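*Asks:* Following this message is one structure expressed as structure tokens.
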Amino acid sequence: MPATPRFRGVFPVVPTIFTETGALDLAGQKRSVDFMIDAGSDGLAILANFSEQFVLSDEERQVLTRTILEHVAGRVPVIVTTSHFSSRICAERSREAEALGAAMVMVMPPYHGATIRVAEPGIEQFYRAVSDAISIPIMIQDAPVAGTPLSAAFLAKLAREVAAVAYFKIEVPFAAGKLRELIRLGGDAIEGPWDGEEAITLMADLDAGATGAMTGGGYPDGIVPIVRDYLAGNREAAQRAYDRWLPLINYENRQCGLLAAKALMLEGGIIESGAPRAPLAPLHPATRAGLIEVARRLDALVLRWAR
């Protein structure tokens, strides 16, 4: 693994902010970004699954990419998710993201619905097409939602043989074991082995060699010190902090999912609506109350940043 990766640390996912009627709320979007940067994020990730990217039109994706990158204005690096089944469209999205200032693109393997998948040769060709279109790194997102098995050996092969492929967000069962094997097989080609899934396996993944984490966006002030302490060699402090924040991490991961960050931002007055876009259902009031209760016990910055 390279001694000095270009990017490391915590890059939480920016939620997409909607009005109660489902329109984009660009003013709220900017406030959410400002909070996440002020909360210590090392970088940001946009248009991810936790951003509800699957309910956005192509035009809205372009509006959000331009708006967020212009508003961030280089304060932190931004990863733009450009996933699409089509190699051509994914390459075009990635080229546009780079032109607007993206530091990296995150791309899932091509899949559609419950049954349409691509075999390894086609996946390799897919990532080669995206790599040929850009000069910034690609992060491969290895997540259950794709339903596409990506062995550590195959991912290491892509890292060695496809120029832009250098980062990996591993959020499948037994993630730590897969990260460890990926690093062993890929060596210096694995520039960024990263954790995902709201940091629910963060400490195990750091122990396995992860150097970055892509988490939810509601409490970077809790996650960032954990990763910084660990990477600085202070595992004991990292473990203490992780133990403290784990109830909130667990509540987000197991009870709220992608709506947790917006619920917290709404409670803190950062945004005016925490609504998802239909057909996604809003959080049950009792679930939302439980999330806020745990966050209050931790004095999470999201609840007082805008006050």
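Bear in mind that the values in this text are calculations on the coordinates, not laboratory data. Predicted model only: the values in this text are computed from it and were never measured. Please note: Cβ atoms are built from the backbone with ideal geometry, for glycine as well, and neighbour counts cover all protein chains shown.
*Asks:* Could you give every pair whose Cβ atoms fall below 9 Å, whose first residue belongs to the stretch 277-296 and is within 16 Å of residue 216 (Cβ to Cβ), and whose second residue is among the polar types (S, T, N, Q) and assigned to a helix (DSSP H, G or I), counting only separations of at least 6 or pairs across chains?
*Replies:* Once the first residue is within 16 Å of residue 216 (Cβ to Cβ) and sits in the stretch 277-296, its partners that are among the polar types (S, T, N, Q) and assigned to a helix (DSSP H, G or I) give 283/255; 287/255; 290/255; 291/255; 294/250.
*Asks:* Right, next: Among (1) free of Cβ contacts under 8 Å to residues at least 60 places away in the same chain; (2) within 17 Å of the chain's Cα centre (by Cα); (3) more than 16 Å from residue 92 (Cα to Cα), where does residue 119 come up short?
*Replies:* Only one criterion is unmet by residue 119, namely (2).
*Asks:* Also, I was wondering about something else. Condition test on residue 117, is it in contact with a Ser or Thr (Cβ under 7 Å, 6 or more places away or on another chain), charged (D, E, K, R), surrounded by 19 or more Cβ atoms within 10 Å (Cβ to Cβ) and on the phi < 0 side of the Ramachandran plot?
*Replies:* Against the criterion (in contact with a Ser or Thr (Cβ under 7 Å, 6 or more places away or on another chain), charged (D, E, K, R), surrounded by 19 or more Cβ atoms within 10 Å (Cβ to Cβ) and on the phi < 0 side of the Ramachandran plot), residue 117 does not qualify.
*Asks:* With the condition kept exactly as written, say whether any residue in the stretch 198-212 is small (Gly, Ala, Ser) and farther than 30 Å from residue 153 by Cβ. Give the derivation first.
*Replies:* Kept after step one, since they are small (Gly, Ala, Ser), are these residues of the stretch 198-212: 199, 204, 208-210, 212.
Pick out the ones that are also farther than 30 Å from residue 153 by Cβ and you get none.
Within the stretch 198-212 (the criterion being small (Gly, Ala, Ser) and farther than 30 Å from residue 153 by Cβ), the answer is no, since none of the residues qualifies.
*Asks:* Helices (runs of 4 or more DSSP H) wholly in the stretch 38-154 with at least 3 residues that are in contact with a helix residue (DSSP H, G or I) (Cβ under 8 Å, 6 or more places away or on another chain) and closer than 26 Å to residue 256 by Cα - which ones?
*Replies:* Counting at least 3 such residues, we get 58-72.
*Asks:* Which of the numbered conditions does residue 100 fail, given that it passes all the others? Conditions: (1) among the aliphatic types (A, V, I, L, M); (2) touching a Leu at 6+ places or on another chain (Cβ under 7 Å); (3) touching a residue at least 40 places away in the same chain (Cβ under 8 Å); (4) surrounded by fewer than 21 Cβ atoms within 10 Å (Cβ to Cβ).
*Replies:* The one condition residue 100 does not meet is (3).
Per-residue answers, yes or no, for (1) in contact with a helix residue (DSSP H, G or I) (Cβ under 6 Å, 6 or more places away or on another chain); (2) in contact (Cβ under 8 Å) with a residue 40 or more places away in the chain:
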| residue | (1), (2) |
| --- | --- |
| 221 | yes, yes |
| 225 | yes, yes |
| 230 | yes, no |
| 233 | no, no |
| 236 | no, no |
| 240 | no, no |
| 245 | yes, yes |
| 248 | yes, yes |
| 253 | yes, yes |
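*Asks:* Any residue at all in the stretch 56-63 that's surrounded by fewer than 23 Cβ atoms within 10 Å (Cβ to Cβ) and within 22 Å of residue 167 (Cα to Cα)?
*Replies:* No, the stretch 56-63 contains no residue that is surrounded by fewer than 23 Cβ atoms within 10 Å (Cβ to Cβ) and within 22 Å of residue 167 (Cα to Cα).
*Asks:* Additional query: Is it the case that some residue within the stretch 224-239 is of a type outside the set (S, T, N, Q) and under 20 Å from residue 33 (Cα atoms)?
*Replies:* Yes, the conditions are met somewhere in the stretch 224-239.
*Asks:* If you don't mind, there's one more thing I want to ask. Being more than 30 Å from residue 5 (Cα to Cα) and of a type in the set (Val, Ile, Thr) narrows it down to one of 249, 270, 200, 223, so name that one.
*Replies:* None of the other options fit; the residue is 270.
*Asks:* In this structure, is residue 147 in contact with a Leu (Cβ under 6 Å, 6 or more places away or on another chain), touching a residue at least 12 places away in the same chain (Cβ under 8 Å) and on the phi > 0 side of the Ramachandran plot?
*Replies:* Spelling it out, it is not the case that residue 147 is in contact with a Leu (Cβ under 6 Å, 6 or more places away or on another chain), touching a residue at least 12 places away in the same chain (Cβ under 8 Å) and on the phi > 0 side of the Ramachandran plot.
*Asks:* Only one of these is touching a His at 6+ places or on another chain (Cβ under 7 Å), more than 24 Å from residue 144 (Cα to Cα) and free of Cβ contacts under 8 Å to residues at least 40 places away in the same chain: 63, 72, 33. Name it. Before the answer, list the steps.
*Replies:* Details: 63 fails: touching a His at 6+ places or on another chain (Cβ under 7 Å); 72 fails: touching a His at 6+ places or on another chain (Cβ under 7 Å).
Just one listed residue meets the conditions, 33.
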